[in-house]
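Read-outs: derived from the displayed coordinates by stated rules, not from any lab. None of these values were measured; they are calculated from a predicted model. A quick note on method: Cβ atoms are made from the backbone with ideal geometry, for glycine too, and the neighbour counts reach across all protein chains shown.
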Amino acid sequence: MAPDNDVSLAQAAEQITWQSAEAIRLQWRDARIEERTLSVKTHRRKEQEGRTKPNNRDIPMSGRLVGALSATPARDQHGYLFTKPDGTSWLDYQPNRASKALNKILKESCARMRIEPLRIHDLRHTFAYQATVHGADLGDLQHLLGHSDISQTMRYRGWIASRARTVIEKF
């Protein structure tokens, strides 16, 4: 899906749980539209003993993301999910260069839509906030964001309304 359509880009971006390095590796075969699931494959993370372990995860897709992907013509549904405007892969970029390029495209899209400029990582935080507002707990967030350690997810704790009062009132 080349980011030439601001609306499709915005619809896909609303559910960013992945990092730029993960996004540039997403392929059409990772988007199981019928199941409304996206398989995110990430870098291998190091275990304490020095071994590596894959941190792959399946995340549910929102109806809007399914719609944006479904609207892509079948002839374009091959190879990488997110491509450069010329249709080629981002993989020839180093992850930090890809992130800068994606941020530039997002900033240009925001300008055309006359909204505040955003970065890809801002969208990741927005997703985390929206997920917590709609009931996701820290375990859900850890899985969706691909955090290997719950302490990474704890920085979002301030956004999750305490359920303690509701629980205690049931006694």
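Laid out as a table, the results:
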{"item": "³J(HN,Hα), Karplus 6.51/-1.76/1.60, whole Hz, each residue of segment 110-123, x for Gly, Pro", "result": "4, 4, 5, 8, 6, 10, 4, x, 10, 10, 4, 5, 4, 5"}
{"item": "Trypsin sites (Lys or Arg not before Pro) within segment 77-155: DSSP coil, no more than 12 neighbouring Cβ in 10 Å", "result": "114"}
{"item": "FRET efficiency, 1/(1 + (r/R0)^6) with R0 30 Å, evaluated for residue 114 and residue 37 via beta carbons", "result": "0.35"}
{"item": "Distance-filtered residues of segment 126-146 - backbone nitrogen under 15 Å, label point 7 angstrom along residue 166 Cα→Cβ", "result": "131-140"}
